[in-house]
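Asks: Got a structure here, written out as structure tokens. Questions coming.
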Amino acid sequence: MPRLHLAGLLFTALPLAPAAAQAAIVHAAFDNFVYDNGVSMGGPNLLLAIKTQMPVTTIATRVEIWTGEQAGPNSIAIWSHPPAGNRPLAVLASGTWSMGRVNGWQGAYLTTPLPLNAGQDVWVVWGPINNAQSSVHGTGAGAQPYRGSFNGGATWNGPYQSLQWKFRIWTGTPGHYEVYGTGCPGVRGLPDLAWFGMPMAGGSFQIQLDRAVPGNFALLSFGESDTNSGGQQLPYSLAPFGAPLCSVLASLLVTVLQATDPVTGQAVFTMTLPNNPSLVGFRFYNQWFCLDAAANQLGLTVSNAGAATVGL
């Protein structure tokens, strides 16, 4: 698969910046790629709370769970644990993100870095979209106490203790990726941009495409803005050019041509970022443009878009 070196193609004159703190996972449960594909989240306004004890003193900056299958807004938070009651008490720090459909580690930066002490009991609280893949490894040894709320945490059901919940708590400056916007339909439905992994300086991750025309071609764009492209305000409608409901959602600085799978219509682009601390915190944006002669007069459909923040 082709590889794009971000500094060479996008950021030829990046200013030097102080080295950011190296990201690290400081606490995790079932930190692997194994999950129970038969379990999904359900119920409107659900908050799922997982009880855990911090093994080290740290400053938490990001929390992740394992999920996918759906696209939409999710929340993640760390709540305090009261001396009595065995339930989440109050939000200590939280974040939100727009999840992608590919199952993998997803999450958000905490809006405020959170100091935590070794031995401190806390609750990892996830607000999932309905029918999202559950962040469940399986059942058995290591299953944690968990509770559920449908009223914002005013009351909690449980506690229960039958499932092995997956989560990761980070410190430092990890990368981030999430999706936004909506594509336009083609002969296979809505082309869908998703990702696997995170954009980290010195590492690789995947930008994926689903539901394009099999055995055809698609362009993956890279840009530096989700509001402006070459002086044109975004989103920019392609309806005047014969592609109703299609819009450019990310600036077009660089494009990469990819062939789609002859059976599934999927495509995968593996992106490699240089090991350069000055990239940390930089944002870039992606969108797929799919050749689809039967879709409209322009013969083109587009996917939703993705927004990346580079970490270290």
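Laboratory data are not the source of any read-out in this text; all were calculated from the coordinates shown. All of these numbers come straight from a predicted model, not from anything done at the bench. Methodologically, a virtual Cβ is constructed for each residue, glycine included, from the backbone with ideal geometry; neighbour enumeration extends over all protein chains shown.
Asks: Name the cysteines of the chain that stand alone by the Cβ rule: no other cysteine Cβ under 4.7 angstrom.
Replies: Cys290, each lacking another Cys Cβ under 4.7 Å.
Asks: Find the eigenvalues of the gyration tensor of the Cα atoms of the stretch 219-312, then list the square roots of 5 times those eigenvalues as equivalent ellipsoid semi-axes, largest first, in whole angstrom.
Replies: Working: eigenvalues 135, 68, 14 Å².
Square roots of five times the eigenvalues give 26, 18, 8 Å.
Asks: Which cross-chain or sequence-distant (5 or more) residues have an amide H under 5 Å from the amide H of Val302, H modelled 1.01 Å from N in plane?
Replies: Long-range HN contacts for Val302: Cys184, Cys290.
Asks: Could I ask something else about it? Can you give the Rg and Dmax of the chain based on its C-alpha atoms, in angstrom?
Replies: 20.6, 65
Asks: In addition: Once phi is turned into ³J(HN,Hα) by the Karplus curve 6.51 cos²θ - 1.76 cosθ + 1.60 with θ = phi - 60°, what whole-Hz value does each residue of the stretch 39-54 show in order, with x for glycine and proline?
Replies: 10, 10, 7, x, x, x, 6, 6, 10, 10, 10, 10, 7, 8, 10, 5
Asks: Further question: Let me know the charge dipole size of the stretch 13-145 about its Cα centre in debye, to the nearest 20, where only the beta-carbon of Lys, Arg (+1) and Asp, Glu (-1) is charged. Before the final figure, lay out the partial values.
Replies: Details: 4 positive and 5 negative charges, 34 e Å.
So the dipole magnitude of the stretch 13-145 works out to roughly 160 debye.
Asks: List the chymotrypsin sites (Phe, Trp or Tyr not before Pro) within the stretch 136-175 that DSSP assigns to loop and that have no more than 14 neighbouring Cβ atoms inside 10 Å.
Replies: Values: sites: Tyr146, Phe150, Trp156, Tyr160, Trp165, Phe167, Trp170; in loops: Phe150, Trp156.
Those that pass, being in a loop and sparsely packed, are Phe150.
Asks: List every residue whose amide H lies under 5 Å from the amide H of Gly281, counting only residues 5 or more places away in sequence or on a different chain, with H placed 1.01 Å from N in the peptide plane.
Replies: Amide H to amide H, under 5 Å and 5 or more residues apart or across chains, Gly281 pairs with Val310, Gly311.
Asks: Just to be sure I understand the curve: with the Debye formula and one point per C-alpha of the stretch 24-171, what is log10 I(q)/I(0) at q = 0.11, 0.16, 0.22 Å⁻¹?
Replies: Those come out to -0.35, -0.79, -1.66, one per q.
Asks: OK, next. Using θ = phi - 60° and the Karplus form 6.51 cos²θ - 1.76 cosθ + 1.60, what ³J(HN,Hα) does each residue of the stretch 170-180 get, whole Hz, x for Gly and Pro?
Replies: Each residue of the stretch 170-180 in turn: 10, 10, x, 10, x, x, 8, 9, 8, 9, 8 Hz.
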